[in-house]
1. Could you tell me whether region 64-72 includes any residue that is modelled with pLDDT of 95 or more and over 12 Å from the mean Cα position of the chain (by Cα)?
2. Condition (residue is more than 30 Å from S2 (Cβ to Cβ), assigned to a helix (DSSP H, G or I) and at pLDDT 95 or above) applied to region 74-88: is it met by at least one residue?
3. Taking the conditions exactly as written (touching a residue at least 40 places away in the same chain (Cβ under 8 Å), out of contact with any Asp or Glu (no Cβ under 9 Å at 6 or more places or on another chain) and open to solvent by 80 Å² or more (accessible area, probe 1.4 Å)), does R72 satisfy them or not?
4. Looking at (1) more than 27 Å from V91 (Cα to Cα); (2) of a type outside the set (A, V, I, L, M, F, W, C); (3) open to solvent by 40 Å² or more (accessible area, probe 1.4 Å), which is the only condition Y59 fails?
5. Looking only at region 37-50, count every residue that is surrounded by 15 or more Cβ atoms within 10 Å (Cβ to Cβ) and over 19 Å from F87 (Cα atoms) and tell me the total.
6. Which of the residues that make up region 1-36 are open to solvent by 40 Å² or more (accessible area, probe 1.4 Å) and among the hydrophobic types (A, V, I, L, M, F, W, C)?
7. How many residues does region 15-33 hold that are of a type in the set (S, T, N, Q) and free of Cβ contacts under 8 Å to residues at least 60 places away in the same chain?
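The values are calculated or read from the model by the stated rules, or taken from the named source; none is laboratory data. None of these values were measured; they are calculated from a predicted model. Every residue, glycine among them, receives a Cβ derived from its backbone with ideal geometry; neighbour counts consider all protein chains shown. What goes into the accessible areas is simple: the full protein's heavy atoms, side chains included, and nothing from ligands, DNA or RNA. Shrake-Rupley method; radii C 1.70, N 1.55, O 1.52, S 1.80 Å.
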Amino acid sequence: MSLPVDLARASAVLNMGLLVALAFVWGRNYLQIRSKQTLGTLVFAVVLFGENALALYYYLTTASILPVAAMRAMMFLSLLESVALLFLVYVTYD
């Protein structure tokens, strides 16, 4: 469709990859620590992964019928999420 759709798709894929990396670390931590906080971070990663998978599905199947304003808004939200996840990965692996 256009640049916003392509950026949104790329961002969703990036987010899914970052969430897999975070879920790996947080899942390993949960197995070692067994605390509610570590379980909460793992569940957060899994749910957010599902949200990104659903968003990617919509970007691939219905992007052509979405209004341009809605697509731009979704793109910006996805990009902001990427920035937040990149920071989480940075502090997790540092």
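1. Quick first cut of region 64-72, residues modelled with pLDDT of 95 or more only: none.
No, that holds for no residue.
2. Taking region 74-88 first, the residues more than 30 Å from S2 (Cβ to Cβ) are none.
No: region 74-88 contains no residue that is more than 30 Å from S2 (Cβ to Cβ), assigned to a helix (DSSP H, G or I) and at pLDDT 95 or above.
3. Values: touching a residue at least 40 places away in the same chain (Cβ under 8 Å): yes; out of contact with any Asp or Glu (no Cβ under 9 Å at 6 or more places or on another chain): yes; open to solvent by 80 Å² or more (accessible area, probe 1.4 Å): yes.
Considered against the rule, which asks whether it is touching a residue at least 40 places away in the same chain (Cβ under 8 Å), out of contact with any Asp or Glu (no Cβ under 9 Å at 6 or more places or on another chain) and open to solvent by 80 Å² or more (accessible area, probe 1.4 Å), R72 comes out as yes.
4. (3)
5. Count: 1.
6. Matches in region 1-36: M1, L3, L7, A10, V13, L14, V20, F24, L31, I33.
7. Just the residues of region 15-33 that are of a type in the set (S, T, N, Q), to begin with: 15, 29, 32.
With free of Cβ contacts under 8 Å to residues at least 60 places away in the same chain added as a condition, the list becomes 29, 32.
Residues in region 15-33 being of a type in the set (S, T, N, Q) and free of Cβ contacts under 8 Å to residues at least 60 places away in the same chain: 2 in total.
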